[in-house]
1. Does B:E106 meet the test of being outside any helix (DSSP H, G or I) and acidic (D, E)?
2. Quickly run through the range A:619-639 and pick out the residues that are closer than 30 Å to A:G211 by Cα and either among the β-branched types (V, I, T) or surrounded by 19 or more Cβ atoms within 10 Å (Cβ to Cβ) (or both).
3. So, of the residues in the range B:1-16 that are more than 7 Å from every other protein chain (Cβ to nearest Cβ) and aromatic (F, W, Y), which turns out to be surrounded by the fewest Cβ atoms within 10 Å (Cβ to Cβ)?
4. Of the conditions (1) more than 11 Å from the chain's Cα centre (by Cα); (2) assigned to a helix (DSSP H, G or I), B:W174 clears all except one; give me its number.
5. Kindly establish whether A:E250 is acidic (D, E), surrounded by 24 or more Cβ atoms within 10 Å (Cβ to Cβ) and within 24 Å of the chain's Cα centre (by Cα).
6. So, in the range A:515-550, exactly how many residues are farther than 27 Å from A:G211 by Cα, part of a helix (DSSP H, G or I) and in contact with a strand residue (DSSP E or B) (Cβ under 7 Å, 6 or more places away or on another chain)?
7. Give the residues of the range B:190-234 that are surrounded by 15 or more Cβ atoms within 10 Å (Cβ to Cβ), free of Cβ contacts under 8 Å to residues at least 24 places away in the same chain and touching a Ser or Thr at 6+ places or on another chain (Cβ under 8 Å), sorted by residue number.
Amino acid sequence: MTGRGPGTIIGFPHKRTSIFFLSCVSASISGDTGVIHVLESEADLEWPLSKGPNPPYMVLLESSLFTKSIMMKMKNASSRVAGVVVVPKTSPPEFSPHTTCPNENTGVYTETYDHNLAHCNTTVWNPRGNGLSYEEFDFPVFSLKEDNETEVIKQCYFDHNRVVNGSGLQYPLCAMQLFSHMHAVTDTATCMRRSSMDFSTSPVMVCDPLGGYNVCAFIRPYNSTAFGHKENESVVIAAARLDSKAFFLEDSTGAEGSVSGFVTLLAAAQALCEATQEAPRTRNILFAFFHGEVFDYIGSSRMVYDMKNNMFVIDLDNVHSILEIGQVAVRSGTNLFLHSDPVSRRNNTVHDEVTNLVKNLQSSTAGLNFSFVETDFSQPLPPSSFQRFLRARAIPGIVLADHQTDFNNRYYESFYDNAAHLNLTYPSNLSPEEQLEFVTDTAKSLTEVATAVARTLFKQAGGNNSQVNKINADPKTVTQMLYGFLVRSNNSWFQVLGSSLRCVFCLSEPNPPQYYVGVAKSSHQANALTYLVQYLLANLTGTATNLTQSQCKKPDELPNESTYLYSYLWVQGMVPPNSTQRESFCVRTAVRLVKAVSPAFDLGDYVSKEYSTWTKSQWKFIKARIFLVASRDLEMLTLGVGVAVLFTSLLVTYFVSTKADVLFSSVREPNNAAY
Amino acid sequence: MTAAVFFGCAFIAFGPAFSLFIFTIAKDPLRVIILIAGAFFWLVSLLLSSLVWFIATKATNAQDLTLQKNLLIFGSIFSVILQEVFRFGYYRLLRKANEGLAAISEEDGPPLSVREMAYVAGLGFGIMSGAFSMINTLSDSLGPGTVGMFGDSQYYFITSALMTLALTMLHTFWGVVFFEGCERKRWWVIAVVLCVHLMVFSLSLLNPFYVGSILPVYAIMLLMAVWAFFSSGGSLHNITLLWTCRKSNAETSS
């Protein structure tokens, strides 16, 4: 039986209360057992919570009943609830387990920055948020896919546990046991301290910091070993977010939350690089895909920290402006909105730059089917990586979004934010390969956004205005990316562009990759999503070369290649029609992976209010099983009978053995009769 | 089904055997040796009979359930017969050993009477048979679940333990009666023991109709207990002596 738990304790010190937990499962080490109860409606909750005679119960509910009110009722009665199992089925009209004000303590809007804008006082970005992901539960919560095994569980319930005429139930009852013991406790500071106090040669870590890699690419690359300020260099950063999460972390899909943004940026990068190979630009452009943004801006805070401490190829003085692509796929009209920060705009220089950027953006939509509209001047920025840059310095920048005030995303950071939410529909008679090529309406609208972004970046970088209209994003690329990231990952296009070496990227599973950032592995391994984005960006913006595989590994020996400026990736390539071997090739690209772990762990400050301190608990295994349980009475009866039999037999045997000579005395052995 | 059931069933199945061991066998090393050798003989008989059954099942279609059930019945009958054969073989071995033991012992005469050897040998058979019946079931009973998912009775554990208890005691009584019969050259005793053993086996086939299997088996056990008591030197007179609490042996033998 397979199931997935949210599986993690993640600790983060909140500045008001002392501890917060994220989907904490305080499961016992030997598993939690409860009698199965399939919840049919909210009123049915009375049975496990108060009326049922055989607590504790293991409540099985469908996703439509997975609401905050039901979960909180169960949380309050946790002595009678042994666990909850959620079976995802249809999407409810709205559901967001995240908070109403995402990342409110690590953005730029603090009390000191602007009192009125802090803590979402003016605009509540995620009003549908119920904060379920941040609640602490005393029992495990599992998610089970709807398949044969779930049917078996329900059948067991219907056979043995159904209440007949309101009377008591007949033992044996069908029960379920969930194992999801988490090693970490309390909060990050405590568990990191416990891990560090282990002085043995192979210390046992009980929790791991979250993190991953940011994917970065300069249009005109710099020497990757020369860190710090670059004289006379001015860079425009085009940013997007890679990760998202859900209540059940491995089920995170983030279609509108993150995929819409980074797919648009990837397409814009491709358009820009194609059209502007030779044109000189006054400014450089950095395409930055930040990972871990959901967990208090891990990736962007790391990049800002590196820039401030001369650990990155440029520093904050080199940054001219920032254009970030937020959630752009669920439009309520034909407009996209430009969000800017009102506080930094009080400075005239910044204000002029922002106005210029807005002008470039608005003129880029000429000939396209939408337009950019500025939001209200007093409204702050939505949660975005740009806020971390603002926290360090007043940099002019704009965040693109499809929402004017609060999010249009009804499923922000939940497992319903999937392909269906973006209306990615394919005609039913297409094969998977044909679906890959089919250009959906969503793809078309995102392509237009990408075109506008590419043109804006071109103008921001000082390109020639006459060349602008030649820049167009490719709708085929966009629709293939949407298909690969949201529907099926092991399609032929991803396999062509992918790496043959990294098996985490082998994409044997058809499912989309996991968007949750995961733990920062010490072994320089990124997760599948990062590699996908890296290889895609490399193929879309880099150049294919004639190098052989061994040359690709060591290109410095060749005269025209340099690993200081470029990275060389061996790409799988296509299978030509008449053979079975792939034609792999070497791509020269400026794409690099930059470590994205919160600076708090480098600084050893596990209670930092400045940086993210999210960690994930380690666990041994996650499993579940069902069986029948007998009544307590029968068990005690068995024990009682056993003890009685033992004592009786001891007494009788002792008695008989002491009187044995009396009882068995009538016939002596023949050879003793001589006496 | 949790520790309560584990301990309950363990006590039921092995309680009497354990108390017999403690009070009658443990203090005499020779008895311990005979007990263990008896257990070993039973084990060898089981091994050989299961070899026959194993070959039979492998040579036939595993999907045909009635055939497999019939093969199991055949294998069990063969095993019963083989157990009694080994019991006879053990009797012969012990008779031979008895002469040797008599020669080297310090007392005049054999250190153990044939009756005592019969009882110990029977108990050895019984303990080993009980262990093989019950150990797997006991280890499964430690988990949180119980039997019944596919419609079986939830009383499986307790009835298995009761059956094992009965079988252990039955083997003990059969040992006593069998050896006595061989001593007196009453060969019909062997045939009766074999038939009763087969009858007990066929009653166990009635499971899960526990009323039909456990009650008759316990009735047979009581009958065998009476027979073993009488054939090992007991009598009603002795019992009345016991009740009146007089040491009449001391008076009548002097």
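1. Numbers: outside any helix (DSSP H, G or I): yes; acidic (D, E): yes.
It is true that B:E106 is outside any helix (DSSP H, G or I) and acidic (D, E).
2. From the range A:619-639, those closer than 30 Å to A:G211 by Cα are A:619-624; that's our starting set.
Across the range A:619-639, the qualifying residues are A:W619, A:I622, A:A624.
3. Top of the filtered list is B:F6.
4. Condition (1) is where B:W174 drops out.
5. Numbers: acidic (D, E): yes; surrounded by 24 or more Cβ atoms within 10 Å (Cβ to Cβ): no; within 24 Å of the chain's Cα centre (by Cα): yes.
Judged against the criteria, A:E250 is not a match.
6. Here is the first cut: in the range A:515-550, the residues farther than 27 Å from A:G211 by Cα are A:543-550.
Next, from what is left, pick out any that are part of a helix (DSSP H, G or I): A:549-550.
With in contact with a strand residue (DSSP E or B) (Cβ under 7 Å, 6 or more places away or on another chain) added as a condition, the list becomes A:549.
So the answer is 1.
7. Once the filter is applied, which keeps residues that are surrounded by 15 or more Cβ atoms within 10 Å (Cβ to Cβ), free of Cβ contacts under 8 Å to residues at least 24 places away in the same chain and touching a Ser or Thr at 6+ places or on another chain (Cβ under 8 Å), the range B:190-234 yields B:L203, B:G234.
A quick yes/no check of all residues on (1) farther than 21 Å from B:A10 by Cβ; (2) within 12 Å of chain A (Cβ to nearest Cβ):
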{"site": "B:V120", "(1), (2)": "yes, no"}
{"site": "B:I135", "(1), (2)": "no, no"}
{"site": "B:Y155", "(1), (2)": "no, yes"}
{"site": "B:H171", "(1), (2)": "no, no"}
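The values are calculated or read from the model by the stated rules, or taken from the named source; none is laboratory data. Just so we're clear, the structure is a prediction, and the values are computed from it rather than from any experiment. For neighbour counting, all protein chains shown are included, and Cβ atoms are generated from backbone atoms with ideal geometry for every residue, glycine included.
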